[in-house]
Amino acid sequence: MNALLSELGKTLVTRWLSHLVPTGLLFLGAAGTGAVLGHARWYDLPAVVDRIDELAASPDERSLGAALAVAAGLVLLAAGAGLMVRALGGAVDRLWLGSWPRGLGRLATRLRERRTARWAAADERAREAWRR
């Protein structure tokens, strides 16, 4: 029984690390880059490198303990971001795919039909303008 639980634990940790952490790290990297660059300088990647160099030059960040704490914090934040994405994924899926409660489903169908009619009318006007 102990061997089974040990293997199950290894499998869960492997899956957890392979599914949650990489997507969370990608999200954290994008959020950190966006925080450093902002909207005005979105293309200025050397500014991100300069900011990382500033953080690395600080005497507090040169110790092994600080590096391990930052690495552990990043992994925990990445896992938290991955869990948040997985938790919100179901709600976003329902919102986009329209598996809503009965009253809202009918409203969504009517809105979709109106939108489709508007698009078809706009397409016909564009085709008519193109023919002229």
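The values are calculated or read from the model by the stated rules, or taken from the named source; none is laboratory data. Quick caveat: nothing in here was measured; it's all calculated off a predicted structure. Ideal geometry is used to build each Cβ from the backbone, glycine not excepted, and the neighbour counts take in all protein chains shown. These area figures cover heavy atoms from the full protein model, side chains too; ligands, DNA and RNA do not enter into them. Shrake-Rupley method; radii C 1.70, N 1.55, O 1.52, S 1.80 Å.
On the beta carbon distance between ALA40 and SER18, with R0 = 30 Å, the FRET formula returns roughly 0.25.
Solvent exposure of VAL70, expressed as accessible area, is near 80 Å², computed with a probe of 1.4 Å over the protein chains only. By a 1.4 Å probe calculation restricted to protein chains, GLU128 has an accessible surface near 70 Å², given to the nearest 10. The listed residues ASP44, ASP93 rank as ASP93, ASP44 when sorted by accessible area, largest first, using a 1.4 Å probe. The residues HIS39, HIS19, sorted by heavy-atom accessible surface at 1.4 Å with ligands and nucleic acids left out, run HIS39, HIS19 from largest to smallest.
Taking each residue as 0.36 nm, the span from TRP119 to ALA72 lengthens on full extension beyond its C-alpha to C-alpha distance by 11.8 nm.
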